[in-house]
Amino acid sequence: MPELPEVETVRRQLEPELVGRRIERVTVLDERLTRPEAPRSVEKAVSGRKVEAVGRRGKYLLIELEGERTLAIHLRMTGNLLIGENGGLKHVRARFALDDGRQMLFTDIRRFGQAIVLDRGDQLEDYFAARLGLEPLSGELTPERLLELAKDRKAPLKSFLLTQDRVAGIGNIYADEALWRARLHPLSPAGSMKLEHAERLVEGIVGALEAGLDHGGASIDDYLDARGERGSMQDEFLVHTREGEACLRDDGGEIQRIVVGGRSTYFCPVCQERLRRRPRRRTGARARPKRDRAG
């Protein structure tokens with residue numbers, strides 16, 4: 001599934017191609033793309049509008065249109081947004097005809113992608129407030145804030161990082177990479193972190209995501225950027241998919257694979273510290289009365 005670096009790479013490529021252009025016509029070829037809205041409703045809401053900006057929120061691409069409307073697109077597992085011609089492309093689910101004769105095409109093999117039109121302002125803010133947490137590359141994610149989000153959470157750190165309503169944009173790949181960078185075991189309870197651990201994890205998250213951006217994202221499966229090219233982050237993985245290989249820290253560890261929350265998870269059992277759940281402090285407990293030993 002495309003994660004923050006992949007979606008941000010596409011955003012950066014689409015922005016100069018789309019801003020100022022008018023989407024003359026939208027043709028939705030798969031009704032699943034716009035559910036629960038009818039395809040015709042989305043086509044009508046977007047067609048004829050000029051693109052004012054291209055943004056991102058978590059794993060969503062936001063195409064901001066004139067008239068205070070926003071087309072929000074989630075690529076899900078196998079979605080791609082491509083600028084160019086339709087020649088030879090398979091699994092095209094929607095076509096966006098631009099005023100310069102080119103097309104933006106949405107392809108999706110597994111048909112899990114989503115497109116929704118929202119009014120900018122309260123509707124847009126409410127939609128994402130219920131779904132997405134902090135943006136990790138915006139400066140919002142601090143060690144102190146991360147500790148607040150993780151407080152009393154029993155879920156493993158790996159699962160915690162994949163929960164989009166706390167920190168947005170991190171998926172399976174970059175969760176593994178971030179935890180390795182932070183030297184934290186993926187099964188550590190999220191609420192077991194202390195400040196020093198949160199500092200390492202924030203640094204690990206930012207480092208992993210920035211590495212993904214530097215390499216144009218990871219193309220393990222179907223991900224292509226807006227130009228139809230593969231990313232190269234998969235050649236730079238520090239731990240993800242490296243089961244059975246020696247840890248790059250040269251600590252004698254061998255990368256292992258386990259399943260956490262239904263997701264393949266890769267880690268080094270030597271250098272990634274497994275934190276233990278901190279016991280809760282008993283509050284309001286009365287001291288037991290001492291027995292009177294007299295008599």
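Summary of values
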| read-out | value |
| --- | --- |
| Within the stretch 193-214, tally of residues that are buried (at least 18 other Cβ atoms within 10 Å of the Cβ), more than 20 Å from the chain's Cα centre (by Cα) and part of a helix (DSSP H, G or I) | 1 |
| Strands (runs of 3 or more DSSP E) lying entirely in the stretch 88-139 (those with 1 or more residues that are of a type outside the set (A, V, I, L, M) and free of Cβ contacts under 8 Å to residues at least 40 places away in the same chain) | 103-108 |
| Among the candidates Lys44, Lys50, residue that is without any contact (Cβ under 8 Å) to a residue 24 or more places away in the chain and not in a loop (DSSP other than H, G, I, E, B) | Lys44 |
| Answer residue from the stretch 59-87, given it is assigned to a loop (DSSP other than H, G, I, E, B) and surrounded by fewer than 17 Cβ atoms within 10 Å (Cβ to Cβ) and is farthest from the chain's Cα centre (by Cα) among those | Gly87 |
| Condition met for Arg257 (farther than 20 Å from Val167 by Cβ and touching a Phe, Trp or Tyr at 6+ places or on another chain (Cβ under 6 Å)) | yes |
| Lone qualifier among Arg102, Arg93 - being crowded, with 20+ Cβ neighbours inside 10 Å, of a type in the set (Lys, Arg), assigned by TED's automatic domain parsing to the domain that holds Arg40 and under 14 Å from Val26 (Cα atoms) | Arg93 |
| Single residue of Ala53, Ala38 found to be farther than 16 Å from Val10 by Cβ, surrounded by fewer than 15 Cβ atoms within 10 Å (Cβ to Cβ), in the same structural domain as Ile116 (by TED's automatic domain parsing) and of a type in the set (A, V, I, L, M, F, W, C) | Ala38 |
| Test: Gln256 is closer than 23 Å to Pro5 by Cβ, modelled with pLDDT of 95 or more and within 24 Å of the chain's Cα centre (by Cα) | no |
| Restricting the stretch 156-182 to residues that are touching a strand residue (DSSP E or B) at 6+ places or on another chain (Cβ under 6 Å) and outside any helix (DSSP H, G or I), the residue that is surrounded by the most Cβ atoms within 10 Å (Cβ to Cβ) | Val167 |
| All positions within the stretch 220-232 that are over 15 Å from the mean Cα position of the chain (by Cα) and under 13 Å from Pro2 (Cβ atoms) | Ile220, Asp221, Asp222, Leu224, Asp225, Ala226, Arg230, Gly231 |
| The stretch 235-276: number of residues that are among the basic types (Lys, Arg), surrounded by 13 or more Cβ atoms within 10 Å (Cβ to Cβ) and not assigned by TED's automatic domain parsing to the domain that holds Phe160 | 1 |
| Where a residue in the stretch 164-190 is within 18 Å of Gly133 (Cβ to Cβ) and its partner, wherever it lies, is buried (at least 23 other Cβ atoms within 10 Å of the Cβ) and of a type in the set (Val, Ile, Thr), with Cβ under 6 Å and at least six apart | Ala178/Ile205 |
| Selection within the stretch 263-295 - modelled with pLDDT of 95 or more and in a loop (DSSP other than H, G, I, E, B) | Cys268, Pro269, Val270, Cys271, Gln272, Arg274, Leu275 |
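The values are calculated or read from the model by the stated rules, or taken from the named source; none is laboratory data. Please read these numbers as outputs of a predicted model, since none were measured by experiment. Methodologically, a virtual Cβ is constructed for each residue, glycine included, from the backbone with ideal geometry; neighbour enumeration extends over all protein chains shown.
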